[in-house]
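Peer 1: Below are the structure tokens for one structure; questions will follow.
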Amino acid sequence: MTTLPRTPAFDLTGKRALVTGASSGIGLGCAVALAEAGAHVVCAARRGDVLAEVSEAMTAEGWSCEAMALDIADQSALSAALKAQGAFDVVVNAAGMARHAPALEATREDFDAVMNVNVRAAYFLSAGTAQMMIAAGKPGSIIHISSQMGHVGGIDRTVYCTSKHAVEGMVKAMAVEWGKAGIRINTICPTFVRTALTQPTFDNPERLAWIMEKIKLPRVAEVEDIMGAALFLASDASAMVTGTAMMVDGGWTAD
């Protein structure tokens with residue numbers, strides 16, 4: 001008699017998740033995806049007033065969530081917040097910064113600001129949450145919202161590309177170290193996603209033409225395109241996935 005395999009669960013009931021950058025855009029989308037799947041989601045971002053509105057809207061949907069005003073680039077504040085919260089099952093880091101300019105025009109201030117959020121904060125968020133998972137003896141999934149620009153170069157994006165290439169290397173090394181503890185760590189690498197922050201890029205005809213030439217599918221990405229990837233990597237459906245990048249780039253990096 002044939003024994004049929006069963007599809008691993010995408011259900012996150014009983015899980016606790018931390019989502020940074022959760023006040024808008026991709027971070028908000030990831031928070032919704034995890035909460036809708038049953039997780040209790042701690043929504044973190046710098047804008048406490050906006051987070052309160054997000055938490056209220058999510059609670060009105062019947063989902064379990066709470067707001068936590070936090071600047072993850074503030075190392076002492078991050079350490080205190082993680083200590084107060086305890087071990088998470090899922091961490092999605094969607095906080096990020098971009099300061100675009102030609103390589104010869106980028107300032108030291110731009111470089112330091114981008115690296116402080118995109119690399120330094122990402123590193124210590126990963127290390128801090130993984131340490132608490134290990135101390136609690138529980139497995140977990142850490143997900144960074146990286147970028148297709150962590151795999152290619154881009155116009156006026158040298159500093160940003162530098163930061164995202166660093167994140168990709170960081171994730172691979174951490175996956176090697178933490179795998180035996182059952183901690184998975186991966187990145188999601190979107191193409192240009194239509195949000196309030198990226199709208200000025202889409203409003204630039206020259207930039208829009210460049211984007212549409214590089215994307216192989218006939219449209220740009222929406223926040224909803226990232227939500228399924230986040231749920232997959234957060235759930236048992238991706239139980240053997242670690243140290244890798246999930247490209248959600250419409251085929252940008254295919255050639």
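Peer 1: Check off (1) assigned to a loop (DSSP other than H, G, I, E, B); (2) open to solvent by 20 Å² or more (accessible area, probe 1.4 Å); (3) of a type in the set (Gly, Ala, Ser) for residue 23 and give me the number that stays unchecked.
Peer 2: Answer for residue 23: the failing condition is (2).
Peer 1: I've got another one for you. Only one of these is open to solvent by 20 Å² or more (accessible area, probe 1.4 Å) and modelled with pLDDT of 95 or more: 167, 92, 117. Name it.
Peer 2: The match here is 117.
Peer 1: Additional query: Can you tell me how many residues within the range 195-217 are open to solvent by 50 Å² or more (accessible area, probe 1.4 Å), modelled with pLDDT under 95 and not in a helix (DSSP H, G or I)?
Peer 2: 4
Peer 1: Something else now. Output the residues belonging to the range 82-107 that are in a loop (DSSP other than H, G, I, E, B), small (Gly, Ala, Ser) and within 17 Å of residue 118 (Cα to Cα).
Peer 2: 94, 95, 96, 98, 106
Peer 1: Determine the pairs where a residue that is free of Cβ contacts under 8 Å to residues at least 24 places away in the same chain, located within the range 144-162, has a partner that is surrounded by fewer than 23 Cβ atoms within 10 Å (Cβ to Cβ) and among the small types (Gly, Ala, Ser) with Cβ atoms under 9 Å apart, the partner being 6 or more residues away or on another chain.
Peer 2: 161/153; 161/154
Peer 1: To continue, here is another question. Could you list all residues from the range 144-164 that are among the hydrophobic types (A, V, I, L, M, F, W, C) and surrounded by 14 or more Cβ atoms within 10 Å (Cβ to Cβ)?
Peer 2: 145, 149, 152, 159, 161
Peer 1: Test residue 110 against the stated conditions and say whether it is open to solvent by 50 Å² or more (accessible area, probe 1.4 Å) and not in a strand (DSSP E or B).
Peer 2: No; evaluated as a whole, the condition is false for this residue.
Peer 1: Name the residue, out of 45, 33, 37, 57, that is touching a residue at least 24 places away in the same chain (Cβ under 8 Å), surrounded by fewer than 24 Cβ atoms within 10 Å (Cβ to Cβ) and hydrophobic (A, V, I, L, M, F, W, C).
Peer 2: Unique residue meeting the criteria: 37.
Peer 1: Given the options 54, 42, name the one that is closer than 25 Å to residue 190 by Cα, part of a strand (DSSP E or B), of a type outside the set (Asp, Glu) and under 19 Å from the mean Cα position of the chain (by Cα).
Peer 2: Going through 54, 42 in turn, the sole match is 42.
Peer 1: Hey, among 7, 3, 59, which residue is farther than 19 Å from residue 88 by Cβ and either touching a His at 6+ places or on another chain (Cβ under 7 Å) or part of a helix (DSSP H, G or I) (or both)?
Peer 2: Of 7, 3, 59, the one residue that is farther than 19 Å from residue 88 by Cβ and either touching a His at 6+ places or on another chain (Cβ under 7 Å) or part of a helix (DSSP H, G or I) (or both) is 59.
Peer 1: Let me ask something else. How about the range 45-90: which of its residues are among the aromatic types (Phe, Trp, Tyr) and within 24 Å of residue 126 (Cα to Cα)?
Peer 2: 88
Peer 1: Listed residues 79, 141, 126; which is in a helix (DSSP H, G or I), open to solvent by less than 10 Å² (accessible area, probe 1.4 Å) and of a type in the set (Ser, Thr, Tyr)?
Peer 2: 126
The values are calculated or read from the model by the stated rules, or taken from the named source; none is laboratory data. Treat the numbers as computed from the prediction; the structure is a model and nothing was measured. Here Cβ is always computed from backbone atoms with ideal geometry, including for glycine, and neighbour counts include all displayed protein chains. Ligands, DNA and RNA are stripped out before the accessible areas are found, and what is left, the full protein with its side chains, is counted by its heavy atoms. Shrake-Rupley method; radii C 1.70, N 1.55, O 1.52, S 1.80 Å.
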